[in-house]
1. Looking only at segment 160-169, decide whether some residue is surrounded by 24 or more Cβ atoms within 10 Å (Cβ to Cβ), farther than 27 Å from ARG84 by Cβ and of a type outside the set (D, E, K, R).
2. Looking at GLY277, GLY328, GLY271, can you tell me which residue is within 26 Å of LYS204 (Cβ to Cβ) and in the same structural domain as LYS67 (by TED's automatic domain parsing)?
3. Identify the single condition in (1) in contact with a strand residue (DSSP E or B) (Cβ under 8 Å, 6 or more places away or on another chain); (2) assigned by TED's automatic domain parsing to the domain that holds SER169; (3) in a helix (DSSP H, G or I) that ILE14 does not satisfy, given that it satisfies every other one.
4. (1) among the acidic types (Asp, Glu); (2) in contact with a strand residue (DSSP E or B) (Cβ under 7 Å, 6 or more places away or on another chain); (3) under 23 Å from SER78 (Cβ atoms); (4) loosely packed, with under 15 Cβ neighbours inside 10 Å: which one isn't true of GLU252, the others all being true?
5. Which condition from (1) more than 26 Å from ARG56 (Cα to Cα); (2) part of a loop (DSSP other than H, G, I, E, B) is the one that ASP302 breaks?
6. Being in a strand (DSSP E or B) and of a type in the set (Ser, Thr, Tyr) is the requirement here; does SER347 meet it?
7. Grab the helices (runs of 4 or more DSSP H) fully contained in segment 75-176, keeping just those with 2 or more residues being touching a Gly at 6+ places or on another chain (Cβ under 9 Å).
8. Being crowded, with 23+ Cβ neighbours inside 10 Å and basic (Lys, Arg): is that true of LYS221 here?
Amino acid sequence: MSLDLASIRAQFPILAETVHGKRLAYLDNAATTQKPLAVLDRIDRYYRHENANVHRAVHLLAERATKAYEGARDRIASFVGADREEIVFTRGTTEAINLVARSYLQPMLQPGDEVLLTGMEHHSNIVPWQLAGAKTVAAPVRDDGSLDLDAWRAMLNPRTRLVAVVQVSNALGTVNPVAEMIEIAHAAGVPVLVDGAQSLAHLKLDLHALDVDFFTTSAHKAFGPTGFGMLYAKREHLEAMPPWHGGGDMIETVAFEGSTWNEIPYKFEAGTPDMAGAIGFAAALDWIDGVGLDTLIAHEVDLTAYATEQLAGLPGIRVIGTAPGKVGVFSMVMDGAHPHDLGTLLSESGVAVRTGHHCTMPLWQRFGVPATARASLAVYNGHDDIDQLVSGLKTAQRLLG
């Protein structure tokens, strides 16, 4: 099915903003996506008509809030191919990885135990393992930004306690072969965590079919609200893991002599939850299904191909990350220009891109650059956004050259 781009854009009020007198070409979607009216209206409706704490009262507003909140868990589980008991609500991907690091990995660690990563991991998939006490080792990334799978396989060893791998690189757009990696790791008796922060809105997911042990993601990367995400974990892992935060809702009984814990997933969800975040996330997934994930993916594939062709024709511009099958992420360096200066001049042209190391400092050390300017695509982008980016790059070259 073809995508009606004008209709899609009309559902995102922020896209009507102007920037320095120019139309907004929002190309910072790997950092956060914009929110459609369906999400904004659903969150507004919650606060206007359903706002109450969940699980703790029998009055009507609490019943409405609890029904919507727990309905969101069902919706999220269905979207990713999981059971509701396997979905733990978190503040996002970062918190979900930290939960696994502290509650699953840390209790089993012995000196010298390793977590096997790749050279393209986000800091959020590096630092938590180090804080838990593990040695982090990373498989190399090839010159085109793809993973050296043979080297990764060779790095699996008896000290590997966990494999943690990003499904889609936020800096390169590389799509890693996580299904094959899970199969290889499981054959060696090693569990796998997949960082899915960038994959939820770009790939079809079926976590049960994938047989992954842990999967983390964030709502705001997929047209949902900020500050909300989830951890998927196999039931047997969640049953065995101790809670990591204490307080209300994660308990079964409390006494001064000791306490007992709630059933999964609630034993990991202490305190008043982000009800609006859960409900807004579910609304975002409904919106994606309304567009059609196949339609969304096909549009982005076409747009990625167009952007690749247009950027390749610009002398003095180098895109880092050209792996086959990548998604629409373009980290660029310009001859003679610092990425921050480039990003500033692009903003003057109405183009929003990200500048910096994108929380992947080891990756840019591998490529010998301190930072890049990154353009990243979403379903509401079109050829006109790419043309505006290219025009802005040419203007920046004239001004900085």
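1. Yes, because at least one residue in segment 160-169 is surrounded by 24 or more Cβ atoms within 10 Å (Cβ to Cβ), farther than 27 Å from ARG84 by Cβ and of a type outside the set (D, E, K, R).
2. Going through GLY277, GLY328, GLY271 in turn, just one is within 26 Å of LYS204 (Cβ to Cβ) and in the same structural domain as LYS67 (by TED's automatic domain parsing): GLY277.
3. (2)
4. (3)
5. It is condition (2) that ASP302 fails.
6. no
7. 93-99
8. yes
The values are calculated or read from the model by the stated rules, or taken from the named source; none is laboratory data. On a predicted model such as this, the values are computed, not experimentally measured, just so you know. Positions of Cβ are generated from backbone atoms using ideal geometry, with glycine treated the same way; all protein chains shown enter the neighbour counts.
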